[in-house]
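The values are calculated or read from the model by the stated rules, or taken from the named source; none is laboratory data. Just so we're clear, the structure is a prediction, and the values are computed from it rather than from any experiment. With ideal geometry, Cβ positions are generated from the backbone for all residues, glycine too; neighbour counts draw on all protein chains shown.
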Amino acid sequence: GKTLRGGFASAAARREPWRPVASFQFYGDHAVLCVRIKNVAVAVAKSARLHLFQAQEWQKLENSVQDHSCSEKFSKAQLTMTVNHTEQNLTVSQIPYPETWYVFYVDKFTCEENYSESEDVQFEMVLLNPDAEGNPLDHFSAGESGLHEFFFLLVLAYFITACIYAQSLWQTIRKRGPMHGVLKVLTIALLLQAGSAFANYLHFSSYSRDGIGAPFMGSLAELLVDFIKELPILYLLKAL
């Protein structure tokens with residue numbers, strides 16, 4: 001699930017008409033695509049539209065690119081939304097199993113040779129799946145469903161483990177036995193893994209509320225995982 005902000009640009013859509021502005025795994029009976037725009041007059045003047053394709057159908061069209069013109073291709077969209085109001089909702093319903101959908105921006109210049117410079121249409125796009133009660137409030141796509149709960153349980157497991165073993169582990173390390181170096185490396189690796197899990201939990205916790213999350217926390221989690229991978233090499237270099 002996600003919240004996207006930016007500008008629908010005629011020049012970009014004309015240059016790369018087959019590049020989607022968003023992709024999302026919808027599922028259930030009441031998934032929703034919500035679009036908010038600021039400059040309605042510009043969108044109306046350009047006949048701005050959003051075309052939604054199921055991934056499988058779009059791949060079929062891509063494979064037969066020579067058989068269809070640009071406008072013919074977009075006319076085969078499963079769903080179309082004319083962007084002409086400040087806020088609009090499009091319901092994607094009757095999806096028995098998770099499916100990836102592509103969202104394309106199209107206007108009157110996309111498939112035409114003649115083009116004149118025009119203002120971008122500033123937008124905010126929110127893609128939502130139904131929650132357990134069937135209300136379109138879930139920011140997570142089908143492929144991301146359960147990540148928030150997974151990282152919560154992982155952080156909880158690390159916390160409980162730390163409460164049980166932290167004191168005895170610290171005492172073992174202080175004794176400086178033959179496995180002292182290995183124990184230190186393993187302890188640091190576990191602490192970094194716990195930190196990565198906690199950063200991911202904070203990111204997905206925020207993501208579940210606004211569809212944006214905390215990108216810094218997501219990047220920090222990836223950085224910690226990368227550092228864990230380098231720990232064995234650093235330990236071997238130190239041992240030389």
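Among 18, 58, which is part of a loop (DSSP other than H, G, I, E, B), at pLDDT below 90 and aromatic (Phe, Trp, Tyr)? Lay out the reasoning, then the answer.
Details: 58 fails: part of a loop (DSSP other than H, G, I, E, B).
When all the criteria are applied, what remains is 18.
Out of 43, 55, one residue alone is out of contact with any helix residue (DSSP H, G or I) (no Cβ under 8 Å at 6 or more places or on another chain), crowded, with 18+ Cβ neighbours inside 10 Å and either among the hydrophobic types (A, V, I, L, M, F, W, C) or at negative phi (or both). It is 43. Tell me, please, whether a residue that is at pLDDT below 85, assigned to a strand (DSSP E or B) and either on the phi > 0 side of the Ramachandran plot or surrounded by 14 or more Cβ atoms within 10 Å (Cβ to Cβ) (or both) can be found in region 98-107. Taking every residue of region 98-107 in turn, at least one turns out to be at pLDDT below 85, assigned to a strand (DSSP E or B) and either on the phi > 0 side of the Ramachandran plot or surrounded by 14 or more Cβ atoms within 10 Å (Cβ to Cβ) (or both).
Residues that are within 15 Å of the chain's Cα centre (by Cα) and surrounded by fewer than 17 Cβ atoms within 10 Å (Cβ to Cβ) within region 4-21 comprise 4, 5, listed in sequence order.
So is residue 94 on the phi > 0 side of the Ramachandran plot and either touching an Asp or Glu at 6+ places or on another chain (Cβ under 9 Å) or in contact (Cβ under 8 Å) with a residue 12 or more places away in the chain (or both) or not? When the stated conditions are applied, residue 94 passes them. Yes or no: region 92-104 includes at least one residue that is more than 22 Å from the chain's Cα centre (by Cα) and hydroxyl-bearing (Ser, Thr, Tyr). Checked region 92-104: no residue is more than 22 Å from the chain's Cα centre (by Cα) and hydroxyl-bearing (Ser, Thr, Tyr). Just to be sure, is residue 113 acidic (Asp, Glu) and under 15 Å from residue 9 (Cα atoms)? Taking the combined requirement at face value, the residue does not satisfy it.
Give region 74-86 a look and list any residue that's in contact with an Asp or Glu (Cβ under 9 Å, 6 or more places away or on another chain) and in contact (Cβ under 8 Å) with a residue 40 or more places away in the chain, or say none. Result: 83, single match. Within region 61-97, count every residue that is closer than 23 Å to residue 2 by Cβ and assigned to a loop (DSSP other than H, G, I, E, B). Result for region 61-97: 7.
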